[in-house]
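The structure appears right after this line, and notes come after that.
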Amino acid sequence: MNTPESREGNVIRYAVYLIGYVMVFAVVKLVTRKSPLHVWDLILFGVVAAMILLFYVYRYNRENRFFARDFKLPWLGNFSAVVLLTLVITATRISISYLQAYGKIPFYDFQTIYLKNQSTGMFWFLIVVQGIILPILQEFLATGFLFNYAFRRDSVQVAVIGIIVSGLIFSVLNYQSSLINFFIEALYGMLFAWSYLYSQTIFMPIYLAMLSSILTVIMV
């Protein structure tokens, strides 16, 4: 139970991390329900988000000591892959925004909230929350902790299953009421999971998730 090699311990640990994410997500919903934004709500969010984020980073770094990696590529070690994935995400996000503008694809839930309560404060809050904080937490859950606990065997079958499961978890963590948006986010989650396996570092999927989310906020 004391090391990440314990199946029962991993389930308990992952449940605790998931509860932490739900706490942050709940506070975000509380803050965005009110317009204009209230100072004390922002302080509450800052405290909860900082606490959970530091907890994730501490636990991930600590647990990585138990998992020796045969290969680890610096996330900028293959610059061409980073550039290519950046262009793919940018192009697809622009395309999705275009389709949303013409009513072909529903807006994301947080985009709908912003459109109802447009303000400079709400925009920057969404940039920080949807563009930075939540993507980091989501990638720790959907890639870092998940692959450390459940998909460590070195085989193509395990990798494919892990990528699919990771994409679905990523989409669930984003909680989109639209089935189309759920499917879109699952595909992005699978791409981020592949980048994690490719680079063997959490920084690659975190960067890609942040880029995707920031573009989604900017192009409302």
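The values are calculated or read from the model by the stated rules, or taken from the named source; none is laboratory data. As the structure is a prediction and not an experimental result, all values here were calculated from the model. Here the Cβ is made from the backbone with ideal geometry for all residues, glycine too, and neighbour counts use every protein chain on show. These accessible areas exclude ligands, DNA and RNA; they are computed on the full protein's heavy atoms, side chains included. Shrake-Rupley method; radii C 1.70, N 1.55, O 1.52, S 1.80 Å.
Expressed as a fraction of 2.2 N^0.38 Å, the C-alpha radius of gyration for segment 100-220 is 1.10.
Mind pulling the angle between the C-alpha long axis of helix 79-101 and the longest principal axis of the chain? Nearest 10 degrees, somewhere in 0 to 90. Helix 79-101 sits at roughly 30 degrees to that axis. Summed over the residues of the chain and divided among them, the accessible surface reaches 52 Å² per residue at a probe radius of 1.4 Å. Calculate log10 I(q)/I(0) of segment 143-198 for q = 0.12, 0.18, 0.20, 0.21 Å⁻¹, where I(q) comes from the Debye formula with a single equal point scatterer on each Cα and nothing for solvent. Evaluating at q = 0.12, 0.18, 0.20, 0.21 Å⁻¹ gives log10 I(q)/I(0) of -0.25, -0.53, -0.64, -0.69. Projecting the Cα atoms of ASN78, ILE214, VAL129 onto the dipole axis of the chain, where Lys and Arg carry +1 and Asp and Glu carry -1 at the beta carbon, places VAL129 farthest toward the positive end. How large is the Rg to Rh ratio of segment 80-162 when both quantities use alpha carbon positions and Rh follows Kirkwood? That ratio is 1.08, to two decimals.
Here, the chain has an Rg and a Dmax of 17.6, 53 Å when only alpha carbons are counted. Computed in the context of the full set of protein chains, the accessible area of the chain at 1.4 Å probe radius has 70% of its extent on carbon or sulfur. In a fully extended conformation the segment linking VAL11 and LEU179 would gain 57.7 nm over its present Cα-Cα distance, using 0.36 nm per residue. Charges on Cβ only, +1 for Lys and Arg, -1 for Asp and Glu, centred on the Cα centroid of the chain; of LEU18, LEU179, LEU191, which one is farthest towards the dipole's positive end? Checked the options; the winner is LEU18. Ordering of 79-90, 48-59, 121-132 by packing is 121-132, 48-59, 79-90, highest average first (other Cβ atoms within 10 Å, averaged per residue). At full extension, ASN64 and HIS38 could sit 5.5 nm farther apart than now, given 0.36 nm per residue minus the alpha carbon distance. Per-residue ellipticity at 222 nm, computed for the chain from helices alone with -39500 (n - 2.57) per DSSP H run of at least four residues, works out to -24000 deg cm²/dmol.
Relative to the compact-globule estimate of 2.2 N^0.38 Å, the Cα radius of gyration of segment 168-211 comes out at 1.15.
Each peptide among 28-41, 141-154 gets the average number of other Cβ atoms lying within 10 Å of its residues, and from highest to lowest they stand as 141-154, 28-41. Remark: segment 123-129, residue by residue, has Karplus-estimated 3J(HN,Hα) of 4, 6, 5, 5, 4, 5, 7 Hz, where x stands for each Gly or Pro and the curve is 6.51 cos²θ - 1.76 cosθ + 1.60 at θ = phi - 60°.
Taking only Cα atoms, what is the 0 to 90° angle, nearest 10, from helix 156-174's long axis to the longest principal axis of the chain? It is inclined by approximately 30 degrees.
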